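Contents: one structure, followed by commentary.
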Amino acid sequence: MENPIKQLFVNFILNRCSPAEIKQVEELVKNGGHELEWRTALEETEQEFANSEHADLVINERELFKRINYSIGTSVPSRQKLWGWLTAAASIILIAGVGLWLMRSEVRVPHAMEAKSSSVQARKDTTHKWIKLPDGSSVQLNYDSYLEYADSFEGKALREVRLIGEAYFDIKHDAKHPFVIHTGKIKTTVLGTAFNISAYQASKAVTVTVTRGKVKVEDEDRTLAILTPDQQLAWSARLPEPVKAKVNAEVVLEWKKQDLIMDDITLMEAAQMITERYGVKVRFNNEKVKTCRFTAAFLNRNDINQVLNVVADITGARLTLENNIVTIEGPGC
């Protein structure tokens with residue numbers, strides 16, 4: 001099962017965290033007790049590059065801390081003490097926004113390559129992934145899918161990404177900067193909406209299904225369709241024309257129901273989601289804690305105890321399960 005704290009650390013290492021997620025990392029690091037997740041995040045990030053076109057790149061953790069250390073003027077500790085030192089310097093790390101330090105044979109990657117590199121998720125993977133894009137949009141990736149996107153959309157007329165596999169997009173509205181998904185020869189353009197794209201073999205077939213808003217689907221020569229909620233366009237290289245149809249979008253999105261996405265929500269909203277997912281009752285011992293906001297993604301059918309533990313770690317509240325009742329208590333935010 002996907003570990004949300006580990007994934008949060010992965011995003012932090014790769015400099016993909018939103019401001020709210022950075023605050024969550026800060027709290028987790030300050031509270032301690034997550035060295036295993038940090039180590040696992042480092043290993044997974046290295047593996048991600050090993051599976052990508054930059055297979056000769058690795059993360060040099062010591063050099064990463066040297067770069068942070070330069071800002072505070074202290075000596076870099078031994079590897080055994082890195083986690084403790086990270087805890088003490090958490091605010092320095094977060095303010096600096098260091099992100100990833102890539103090394104090739106102990107030589108730093110040129111700046112131009114760092115700026116050009118895109119983010120890749122879930123290559124050859126049987127698990128689901130959840131990504132928060134630089135503009136605040138979110139993407140759920142189905143199994144064996146990956147998404148390429150720039151580290152920042154600032155200064156660009158279009159917010160462009162490239163998908164292989166299947167994903168559900170929930171896009172932030174920005175009329176001046178349309179969002180464009182490339183899947184082989186097919187291009188899907190949106191202004192602010194939610195929809196699903198299936199393109200495991202983008203050169204042969206692409207299916208776009210809309211759940212909210214409106215999207216435009218094009219190939220290299222023309223506009224193929226304008227889709228609204230519960231409409232679907234199926235394009236195939238074997239057919240002379242794409243097929244547009246009325247569908248039940250909920251059926252198409254059945255694959256994502258096993259994931260529990262808590263994206264910038266309150267504990268009160270999270271309680272409702274936990275009740276619906278696990279069939280338990282939720283009771284608050286302090287009204288103030290209901291308004292605490294946080295972000296977490298629980299993928300691949302996480303156990304309720306793991307969900308409760310992670311939410312507690314992130315929010316600072318205490319969540320206990322007894323006799324099918326979840327009790328939430330804490331000082332509030």
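The values are calculated or read from the model by the stated rules, or taken from the named source; none is laboratory data. The structure displayed is predicted, hence computed values, not measured ones. As a convention, Cβ positions derive from the backbone with ideal geometry for all residues, glycine included, and neighbour counts pool all protein chains shown.
Taken over segment 217-235, the residue count meeting the criterion of being among the acidic types (Asp, Glu) and without any contact (Cβ under 8 Å) to a residue 12 or more places away in the chain is 1.
Being surrounded by 18 or more Cβ atoms within 10 Å (Cβ to Cβ), in a loop (DSSP other than H, G, I, E, B) and modelled with pLDDT under 75, is that true of even one residue in segment 5-15? So far as segment 5-15 goes, yes, one or more of its residues are surrounded by 18 or more Cβ atoms within 10 Å (Cβ to Cβ), in a loop (DSSP other than H, G, I, E, B) and modelled with pLDDT under 75. As for segment 128-135, it holds no residue that is crowded, with 22+ Cβ neighbours inside 10 Å, closer than 24 Å to PRO242 by Cα, assigned by TED's automatic domain parsing to the domain that holds GLU250 and of a type in the set (A, V, I, L, M). Of everything in segment 136-188 that is surrounded by 18 or more Cβ atoms within 10 Å (Cβ to Cβ) and among the aromatic types (Phe, Trp, Tyr), the residue that is nearest to ALA202 (Cα to Cα) is TYR146.
Residues checked against (1) under 19 Å from PHE9 (Cα atoms); (2) in contact with a Pro (Cβ under 7 Å, 6 or more places away or on another chain); (3) among the polar types (S, T, N, Q):
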| site | (1), (2), (3) |
| --- | --- |
| LYS281 | no, no, no |
| LEU299 | yes, no, no |
| ASN302 | yes, no, yes |
| ASN305 | no, no, yes |
| GLU322 | no, no, no |
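Within segment 264-273, does at least one residue satisfy the condition of being at pLDDT below 90 and in contact with a helix residue (DSSP H, G or I) (Cβ under 9 Å, 6 or more places away or on another chain)? Within segment 264-273 (the criterion being at pLDDT below 90 and in contact with a helix residue (DSSP H, G or I) (Cβ under 9 Å, 6 or more places away or on another chain)), the answer is yes, since at least one residue qualifies. Annotation note: Cβ proximity below 9 Å between a residue of segment 201-216 that is within 16 Å of LYS246 (Cβ to Cβ) and of a type outside the set (D, E, K, R) and a residue that is modelled with pLDDT under 90 and part of a loop (DSSP other than H, G, I, E, B) (sequence gap 6+ or interchain) occurs for VAL210/THR193; THR211/THR193; VAL215/LEU191; VAL215/THR193.
Those strands (runs of 3 or more DSSP E) of segment 212-257 in which at least 1 residues are surrounded by 11 or more Cβ atoms within 10 Å (Cβ to Cβ) and in contact with a Lys or Arg (Cβ under 9 Å, 6 or more places away or on another chain), considering only elements entirely within it, cover 215-218, 223-227, 231-236.
Restricting attention to segment 184-200, does a residue exist that is more than 25 Å from the chain's Cα centre (by Cα) and assigned by TED's automatic domain parsing to the domain that holds LEU147? Within segment 184-200 (the criterion being more than 25 Å from the chain's Cα centre (by Cα) and assigned by TED's automatic domain parsing to the domain that holds LEU147), the answer is yes, since at least one residue qualifies. Is it the case that some residue within segment 168-176 is within 14 Å of the chain's Cα centre (by Cα), in contact (Cβ under 8 Å) with a residue 60 or more places away in the chain and part of a loop (DSSP other than H, G, I, E, B)? No, there is no match, as no residue in segment 168-176 is within 14 Å of the chain's Cα centre (by Cα), in contact (Cβ under 8 Å) with a residue 60 or more places away in the chain and part of a loop (DSSP other than H, G, I, E, B). In segment 238-245 there is at least one residue matching the filter, namely being farther than 25 Å from VAL311 by Cβ, of a type in the set (Lys, Arg) and either over 22 Å from the mean Cα position of the chain (by Cα) or assigned by TED's automatic domain parsing to the domain that holds ASP174 (or both). The set of residues from segment 233-277 being more than 23 Å from LEU321 (Cα to Cα) and of a type in the set (A, V, I, L, M) comprises LEU233, ALA234, ALA237, LEU239, VAL243, ALA245, VAL247, ALA249, VAL251, VAL252, LEU253. Within the set ARG277, ARG283, the sole residue that is surrounded by 13 or more Cβ atoms within 10 Å (Cβ to Cβ), over 22 Å from GLU27 (Cα atoms) and either more than 17 Å from the chain's Cα centre (by Cα) or at pLDDT below 90 (or both) turns out to be ARG277. Scanning segment 306-321 for residues that are without any contact (Cβ under 8 Å) to a residue 40 or more places away in the chain and touching a strand residue (DSSP E or B) at 6+ places or on another chain (Cβ under 7 Å) returns LEU308, ALA312, ARG318, LEU319, THR320. Condition first: closer than 18 Å to GLN140 by Cβ and touching a helix residue (DSSP H, G or I) at 6+ places or on another chain (Cβ under 9 Å). Can you find one or more residues in segment 275-283 that meet it? Yes, segment 275-283 contains at least one residue that is closer than 18 Å to GLN140 by Cβ and touching a helix residue (DSSP H, G or I) at 6+ places or on another chain (Cβ under 9 Å). For segment 211-231, filtering for residues that are small (Gly, Ala, Ser) and under 19 Å from ASP174 (Cα atoms) leaves 1.
Is one or more of the residues making up segment 286-303 in a loop (DSSP other than H, G, I, E, B), of a type in the set (A, V, I, L, M) and either within 19 Å of the chain's Cα centre (by Cα) or closer than 28 Å to SER137 by Cβ (or both)? Within segment 286-303, one or more residues are in a loop (DSSP other than H, G, I, E, B), of a type in the set (A, V, I, L, M) and either within 19 Å of the chain's Cα centre (by Cα) or closer than 28 Å to SER137 by Cβ (or both).
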